[in-house]
Amino acid sequence: MKGKIFNAQESKLQFADQLFNKVSSHYAAGFNARVLGEPRYSAASFQIHHYSIVPSLEAGWLRADQMAKEGEIFFVNEGKEIKTMKDGDAYCCIGKDFTDLQSSDDYEFGDTREEAVKNYMKKFEVVD
């Protein structure tokens, strides 16, 4: 989480052991890597010489990515815990402190999922 100390009590992140009854440790590692904002191949690269575990790491990462895209889980993007979801014809990106549209400013919209995330990051000055 780039320069932040992870505080589980303040987090809305959910990890593999909280969501699934039985998954391999390698699947869980891939899933958790995606939740924490790791790029797709970095999860597997640290053990690339163990080719037998790469598919499991990859499957876990891809499952978390799918859940993130479907708005099922929060994930880390540039150090911020966010969640994206479809809202009518637009997409909404919310942060972990979001409560509702009337009483919170911890959200941003966009025509695409990527644009909503970009707008959210720009709003909070977390821009590359």
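Each value in this text was obtained by applying a stated rule to the coordinates, not by laboratory testing. This is a predicted model, so every value here is computed, not measured. Here Cβ is always computed from backbone atoms with ideal geometry, including for glycine, and neighbour counts include all displayed protein chains.
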Open item on the list: Can you give me the distance in nm between label points at Leu36 and Lys96, each placed 7 Å from the Cα along the Cα-to-Cβ direction?
Closed with: 1.4
Task: Fewest-first ranking of Arg34, Arg63, using other Cβ atoms within 10 Å as the exposure measure - done: Arg63, Arg34
- [ ] Evaluate E = 1/(1 + (r/R0)^6) for Ser103 and Ser25, where r is the Cβ-Cβ distance and R0 equals 41 Å; express this FRET efficiency to the nearest 0.05.
- [x] 0.50
Task: Assigned charges on the beta-carbon of Lys, Arg, Asp, Glu; region 76-123 dipole about Cα centre (debye) - done: 160
Task: From phi via Karplus (6.51, -1.76, 1.60), per-residue ³J(HN,Hα) for region 56-64 in Hz, x at Gly/Pro - done: 5, 4, 4, 4, x, 4, 5, 5, 5
- [ ] Starting with the highest mean, order 72-78, 19-25 by the number of other Cβ atoms within 10 Å, averaged over the residues of each peptide.
- [x] 72-78, 19-25
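With respect to the cross-link table entries Lys22/Lys118; Lys22/Lys123; Lys12/Lys123, which display a Cα-Cα separation exceeding 32 Å?
On the way: Lys22/Lys118 35 Å; Lys22/Lys123 39 Å; Lys12/Lys123 20 Å.
Listed pairs above 32 Å: Lys22/Lys118; Lys22/Lys123.
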Task: Counted charge near Arg113, where neighbours are those whose Cβ lies closer than 13 Å (Asp, Glu -1; Lys, Arg +1) - done: -4
